[in-house]
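Participant: Submitted below is the structure of interest, expressed as C-alpha cells.
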Amino acid sequence: NYEEKYLLRAAFMADCTSLFSDSHKYAVFPSLAAGWNIYKEKFMQGAGGLSNLKLRLGYGQIGNQAIGNFATLQTYIAGGKAIFGDNLYQGAEPARLPNENLRWETTEEYNVGLDFGFFNDRITGSVEYYIKNSGDQLFNKPVAAFTGFSSQVVNFGSVQNSGVDMMLNTRNIESRNFSWETGITASFLHNEVTRLPDFIPQVLTGAFTFVPNFALVQTGLPIYSYYGYEVSGIFKDDAQAAASGQAGAKAGDPIFKDQDGNKTIDAKDRTVLGSPLPKFTWGFTNTFSYKAFSLNVLLLGMQGISTLDANVLESLYPINFQRNHMAEYYLQRWTPENPDARYPSGINPSRYGGQYSVNSLTVKDVSFVRLKTLTLNYNIPLHSEVIKGLSTYLAADNLFTITDYNGYDPDANSRGTGVSKVSQNSYPLAKVYRLGVKVNF
C-alpha cells in the first residue's frame, strides 16, 4: 500500500488431495490483484461531485477436486455367485473404470473493475468485466457399452465464462424522519465450451430416468445446451403429413423442422433449444425508514434460462397412463374437430417419441421475477443500560413469482446442484412468514 493510492496483493497457495493419484495430488494456485485510487491523485481534487474512483485489476487461479472417492483406483464390489463342488461362492466385479491420470481441474480468472462514488457517496457502485477459464474439467465421459460401464471420470476440455457484473447503491431521500435507499445488482453471463479433445467433437449426455440424453457439450456452445428437435406446428391432416418427408407421420403428429433442408427428419435436424445457465440475473432492493419503522423489499429475477420439463414430457409421451398428467396437454391436443391445436394428438406417441421427445415442446423457458423477501421492522425505544437495542419484525419470503412456466418452481432442479437442469415433480417453493424479536445487550 503506497500512500493509499497504489495497492498490490499477491498470494500463493498449494493444495493436496488424496482423491488423485500420488503423481497428481498436489497443485499450486497463484493470485495477484492491483488497485489504483484515482480519486486520491492531485489532478482529481477539483472534480466536483466525485467522492470515489478506483480502478482494479486481478488475476487468480483456483482448483476443483470434486470427484467421488477411489476414482483413480480399481476397487471391487459383490458380483454374481457360482457353485464349485458343493459350495456356493460369492463373486466380485470391478466397481468402476479407474483413471489414474486424473488431475486438478483449474479455473483462472482475469477481471478489471471500476468503483465509483458521487455526492459524498450518496451514489456508489461498481462495474466489473471478467473472463473465467476452466481447464482440465472433471467430467463423466460416456464410454462404449462393451466396457460394462456407462461412463468414466476424465479431465476433459475447457469452458469459458465471461460477463459483466454491476452494482449501484443510492440514498434517494435522507431527512430527519424518513429515508429511502435503493440497491441494484445485475450480472450478464456468456458461457461457452472452448476446447474438446480432437477425437471427440461433441458429447451428448444427460439421460434422466425415462428421459433420453438431452444435453450437448460442443465447442462454441453453452455447456450442457439442450439439444433436440424444433417443433414448428402440428400436422392438420394426413395429406400434409405424407408430403412432409417425416417418416410415418400422421395427422396430429408434431412437425419437426427440417434444419438441413434435405426433406428428411433425422438426427442431423437436432438443434440447440436453450441453455441451463441464465443470460441475465438481477436483484432490486429498496429500504424505506420512517422514524422507528423500516421496510425492506427484495425482488430478484433470471432471464434467458431453460429447463427440460419431464412432467410435460411424460404428459406428451406417457410411460404409464394411470399416472396423473398435466391437463393442458390433453385438453388442447389435436383432434379432427380441433386441427389448429397447439399440442399433438397423443395417438400412438411412440411414432414421434424416443429421441424426438426432447424438443421445443418439452424444453421450457423458466425466466422469472420473484418477490424474495419483505421485512417490516420496528425499533422499540427504551432506556436501559443492559439492553442496547430491541426490535421486532414481521417478514415474508417467496410471496409471489411471475413466470410463464407452469410448474411449481422455475428455479428448481431435480438433478440437484449440477449445471444440467431438469424439472420433474419439483417440491413447491414454500411461502414463509416469520415473526421475531431481536435483542442486543
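Participant: Return the residues of the stretch 399-441 that are in contact with a strand residue (DSSP E or B) (Cβ under 8 Å, 6 or more places away or on another chain) and of a type in the set (A, V, I, L, M); say none if nothing qualifies.
Facilitator: Leu399, Ile402, Ala412, Val422, Leu429, Ala430, Val432, Leu435, Val437, Val439
Participant: I would also like to ask the following. Look at Ser426 and say whether it is among the hydroxyl-bearing types (Ser, Thr, Tyr), free of Cβ contacts under 8 Å to residues at least 40 places away in the same chain and open to solvent by less than 60 Å² (accessible area, probe 1.4 Å).
Facilitator: yes
Participant: Check Tyr408, Tyr427, Tyr433 and return the single one that is hydroxyl-bearing (Ser, Thr, Tyr) and farther than 30 Å from Phe208 by Cα.
Facilitator: Of the residues listed, the single one that is hydroxyl-bearing (Ser, Thr, Tyr) and farther than 30 Å from Phe208 by Cα is Tyr433.
Participant: Failed condition for Ala27, given (1) of a type in the set (A, V, I, L, M); (2) closer than 30 Å to Thr417 by Cβ; (3) in a strand (DSSP E or B); (4) open to solvent by 80 Å² or more (accessible area, probe 1.4 Å), with all others met?
Facilitator: Of everything listed in (1) of a type in the set (A, V, I, L, M); (2) closer than 30 Å to Thr417 by Cβ; (3) in a strand (DSSP E or B); (4) open to solvent by 80 Å² or more (accessible area, probe 1.4 Å), Ala27 misses just condition (4).
Participant: Could you list, in sequence order, the residues of the stretch 77-111 that are surrounded by fewer than 18 Cβ atoms within 10 Å (Cβ to Cβ) and touching an Asp or Glu at 6+ places or on another chain (Cβ under 7 Å)?
Facilitator: Within the stretch 77-111, Ile77, Gly79, Asn111 meet the criteria.
Participant: I need the strands (runs of 3 or more DSSP E) fully contained in the stretch 357-441, keeping only those with at least 1 residues that are within 26 Å of Asn286 (Cα to Cα) and out of contact with any helix residue (DSSP H, G or I) (no Cβ under 6 Å at 6 or more places or on another chain).
Facilitator: The qualifying strands (runs of 3 or more DSSP E) are 368-379, 389-403, 432-440.
Participant: Can you confirm whether the stretch 60-70 contains a residue that is more than 29 Å from the chain's Cα centre (by Cα), exposed (fewer than 12 other Cβ atoms within 10 Å of the Cβ) and in contact (Cβ under 8 Å) with a residue 24 or more places away in the chain?
Facilitator: No, every residue in the stretch 60-70 fails to be more than 29 Å from the chain's Cα centre (by Cα), exposed (fewer than 12 other Cβ atoms within 10 Å of the Cβ) and in contact (Cβ under 8 Å) with a residue 24 or more places away in the chain.
Participant: Suppose we keep only residues that are in contact with a strand residue (DSSP E or B) (Cβ under 7 Å, 6 or more places away or on another chain) and of a type in the set (Phe, Trp, Tyr) within the stretch 1-57. Which one would you say is nearest to Asn111 (Cα to Cα)?
Facilitator: Taking the candidates together, the pick is Trp36.
Participant: Would you point out the residue of the stretch 28-59, among those that are of a type in the set (Gly, Ala, Ser) and modelled with pLDDT under 95, that is farthest from the chain's Cα centre (by Cα)?
Facilitator: Looking at residues that are of a type in the set (Gly, Ala, Ser) and modelled with pLDDT under 95, I get Gly46.
Participant: Just one of Leu114, Leu55 is in contact (Cβ under 8 Å) with a residue 24 or more places away in the chain and in contact with a helix residue (DSSP H, G or I) (Cβ under 8 Å, 6 or more places away or on another chain); which is it?
Facilitator: From the options Leu114, Leu55, the qualifying one is Leu55.
Participant: Turning to a different aspect of this structure: Can you tell me which condition Leu189 does not meet? The list is (1) open to solvent by less than 30 Å² (accessible area, probe 1.4 Å); (2) aliphatic (A, V, I, L, M); (3) outside any loop (DSSP other than H, G, I, E, B), and all the others hold.
Facilitator: All conditions are met except number (1).
Participant: Run down Arg415, Arg370 and say which single residue is of a type in the set (Lys, Arg) and open to solvent by 30 Å² or more (accessible area, probe 1.4 Å).
Facilitator: Matching residue, one of Arg415, Arg370: Arg415.
The values are calculated or read from the model by the stated rules, or taken from the named source; none is laboratory data. Small disclaimer: the values here were computed from a predicted structure and weren't measured. FYI the Cβ positions are ideal-geometry reconstructions off the backbone, even for glycines, and counts take in every protein chain you see. Protein only, heavy atoms only, side chains kept; ligands, DNA and RNA dropped before computing areas. Shrake-Rupley method; radii C 1.70, N 1.55, O 1.52, S 1.80 Å.
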